[in-house]
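Each remark here refers to the structure printed beneath this line.
The values are calculated or read from the model by the stated rules, or taken from the named source; none is laboratory data. As the structure is a computational prediction, the values presented were derived from the model and not from experiment. We place every Cβ from the backbone using ideal geometry, glycine too, and count neighbours over all the protein chains shown.
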Amino acid sequence: MRSERRTDIPMDRYHAGEKRRKYCHYAKFRRTGFFRRFVTGIAAVVLIMSMSFGFGSFFSSAHDSGTETSVPPEERYYKSVQIEKGDSLWSIAQQYMGSEDSVYEYMDELAEANHLSMKDRNNLQEGDYLVVSYYGEEAVY
């Protein structure tokens with residue numbers, strides 16, 4: 001008795017060549033290489049697009065173009081203040097800081113302007129002078 005195998009099925013030249021290509025190691029490698037190149041290309045495009053958006057947002061300005069009417073900027077002035085009994089760097093900072101400053105940042109600014117060390121910040125002496133900066137439209141003497 002004769003067993004029917006797939007090879008016994010008559011094939012024309014096209015189907016026989018297709019079968020050879022399908023199972024050929026080189027063709028399999030070539031298909032895998034195409035897939036790798038395709039995925040690498042897609043990854044490269046995504047990377048380039050994300051970098052361009054990142055650099056674009058880095059260099060773009062977040063400020064208004066100035067079309068709205070704005071209050072003229074206040075000038076920054078400096079003044080020498082005599083330390084009185086009970087004054088601390090914290091109380092002086094609260095008194096002279098701008099509306100948008102934080103107390104801690106302004107205290108650091110005062111300490112830097114007056115060359116105060118960490119120890120000197122907590123030990124202000126009565127009668128000493130501090131240079132403070134403040135914002136205003138006119139200088140206060």
For segment 56-79, indicate whether the set of residues that are surrounded by fewer than 10 Cβ atoms within 10 Å (Cβ to Cβ) and at pLDDT 75 or above is non-empty.
no
Which numbered condition in (1) in contact (Cβ under 8 Å) with a residue 40 or more places away in the chain; (2) surrounded by fewer than 13 Cβ atoms within 10 Å (Cβ to Cβ) is the only one that ILE83 fails?
(2)
